[in-house]
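In what follows, a single structure is set out as structure tokens and then discussed.
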Amino acid sequence: MSGHNVWTHKGTFLLAAVGSAVGLGNLWRFPYLTGENGGGAFILVYALTIFAVGIPILIAEIMLGRTSRQSPIMGMRHLTKTHGTSRAWETIGWLGAASAFLILSFYSVIAGWAIHYTWLMLTGSLVGADAQTISTGFDALLVAPGLMTLYHTLFIAASALIVGMGIHKGIESGLRIMMPALFVILLVVLAYGVVNGDIGAAASFLFTFNIADLSLEGWLQAMGQSFFTLSLGMGAIMAYGAYMPSDVSLTRTAFAVAIVDTAVAMVAGLAIFALVFGAGLETGQGPGLMFVTLPLAFAEMPFGALVGGVFFILVLGAAISSSISLIEPVAAFLVERFDMTRPQAVAVMVIAAWAMGLLTVVSFNIWAEGTIFHSLFGRSAFEFIELLTNIFMPVGGLLIALFAGWALTQSEVMKELGSSVTWFKFWRFLVRFVAPAAVAFVFLRTIPQVDGYLIPTLGALLIIGAFAASQRWLKKPRQIT
């Protein structure tokens, strides 16, 4: 069983959790949100919410994994039995596994685009290209399902190879090489931005404290980012936590993960926007920033092709470190539940996710409009799958907080935290009341409406059900030590 494995080195969980947390969102979403929502004011709200919401749930999810020493699904089954709670709490494991599977299916497709741009950069194909040429090139990629499928296949196969090699030879060895290399590359790109871009404009965009630009929507985005950036509620942290040595501090590790993840996003933002402003281009976020604006900036700068190629290797590395964490929760479950070998389990997970990913591929071309998804939900298959993950992850995180806060005994939690009574009481207050309320609020406030109130109503029912489940558990007679 996967529970028999423990990371060889104490610092590996930190690398693994940071690898899971640092992904495309750090590079193309967080810096833009910061700049557009008051800079330093946004960072302050983000820091407060990551402390009050993100870190408490992160500690809780690691704790559930380390306590059970099994995959999220089997681990929650074990914990419900040993704590005499309702089997309904197993939903935590299933929601995490479902989220990981769905995210991997479309994440692999989008990350595959970086393969295309790494090749274009390193071969010098974009040197001197103008905005129209680069924009047209990106549009041409989106309408080429065969090419996108090829990149999707290559990316998910590379991720599968790492996980299939095992906990130690595959994931641990890969992360110990990959993560330091990514940090070095990020610093190289930052140095290039300082020399050839406008680092002053980038720093002003990201860090100027402007509370007037921080709207309620900005607050909500900061709160949402504090949850989603740490990979909470998708099983990865719980799966990695199962391999975490018992003598490693949960609290210090959780704070370190949050700090490193935020630092990477800030450094990436400085590097990216230094190049954008240095080239006199407009700021943006998402694929447009990564695959149109940045290639244009590199095309106009000295040694841009080489540094651009290195940058997209960074993008690929960040994406792979996240994707291997998405494979692990389901693969570990298949090993434990069906006694598969690890290569067999990884193959089953990846082939299924690859097939699901084809829906995302065709959502940009063949099925761009007029499908059953557009008729029922007003969006493409890719957008619908993404919407499901935006429901499953917060509900899963909410349940994790409630289970850790209410179902686990005080003595067991204190043993796992290994910290002072004051911190234990403070963490328990946050994970019982503050974090669940914040996640529920952000979730219900920001979730898009589909066919009137279909999705908000579904979300509300899930939130109510989560609280009802916790209250039902509280009424069961059992001794709290």
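At a glance:
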read-out: Rounded accessible area per residue of the range 213-271, 1.4 Å, Å²; value: 27
read-out: Gain in span if fully extended, ALA201 to ASP130, counting 0.36 nm per residue against the direct Cα distance; value: 23.3 nm
read-out: Relative contact order for the range 1-121, counting Cα pairs under 8 Å that sit 6 or more residues apart, in percent; value: 21
read-out: Protection proxy ranking of 115-122, 242-249, 137-144 - average other beta-carbon atoms within 10 Å, highest first; value: 115-122, 242-249, 137-144
read-out: C-alpha center-to-center spacing [the range 113-191, the range 282-312] in angstrom; value: 13
read-out: Size of electric dipole in the chain: Cβ of Lys, Arg +1 and of Asp, Glu -1, about Cα centre, debye, nearest 20; value: 2040
read-out: Fully extended contour minus Cα-Cα distance, from ALA256 to PHE209, at 0.36 nm per residue; value: 14.5 nm
read-out: Calculated P(r) tail over 42 Å for the chain, as whole % of Cα pairs; value: 13
read-out: Residue-wise HN-Hα coupling along the range 94-99, computed from phi with Karplus coefficients 6.51, -1.76, 1.60 (Hz; x: Gly, Pro); value: 5, 5, x, 5, 5, 4
read-out: Relative contact order (percent, whole number), the range 297-428, Cα cutoff 8 Å, 6+ residue spacing; value: 9
read-out: Ordering of 316-329, 203-216, 146-159, 426-439 by packing [mean C-beta count within 10 Å, highest first]; value: 316-329, 426-439, 146-159, 203-216
read-out: Karplus-derived HN-Hα couplings along the range 218-226 (A = 6.51, B = -1.76, C = 1.60, θ = phi - 60°), whole Hz, x at Gly and Pro; value: x, 4, 5, 5, 5, 5, x, 4, 5
read-out: The range 160-298 - percent of accessible surface contributed by carbon and sulfur, probe 1.4 Å; value: 69
read-out: Segment LYS425-HIS374, extension gain: residue separation times 0.36 nm, minus the distance between their alpha carbons; value: 13.6 nm
read-out: Theoretical ellipticity at 222 nm over the chain - DSSP helices of four or more residues, -39500 (n - 2.57) apiece, nearest 500; value: -23500 deg cm²/dmol
read-out: Length-normalised contact order of the chain in % [C-alpha pairs under 8 Å, at least 6 apart]; value: 32
read-out: ³J(HN,Hα) computed for each position of the range 75-83 - Karplus, 6.51 cos²θ - 1.76 cosθ + 1.60, integer Hz, glycine/proline x; value: x, 5, 4, 5, 5, 5, 5, 6, 9
read-out: Cα gyration tensor, the range 116-190 - rounded (a/c under 1.5), prolate or oblate; value: oblate
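The values are calculated or read from the model by the stated rules, or taken from the named source; none is laboratory data. These numbers come from a predicted model, not from an experiment. Using ideal geometry, Cβ is built from the backbone for each residue, glycine included, and neighbour counts are taken over all protein chains shown. Areas reflect the complete protein model, heavy atoms only, side chains present, ligands, DNA and RNA absent. Shrake-Rupley method; radii C 1.70, N 1.55, O 1.52, S 1.80 Å.
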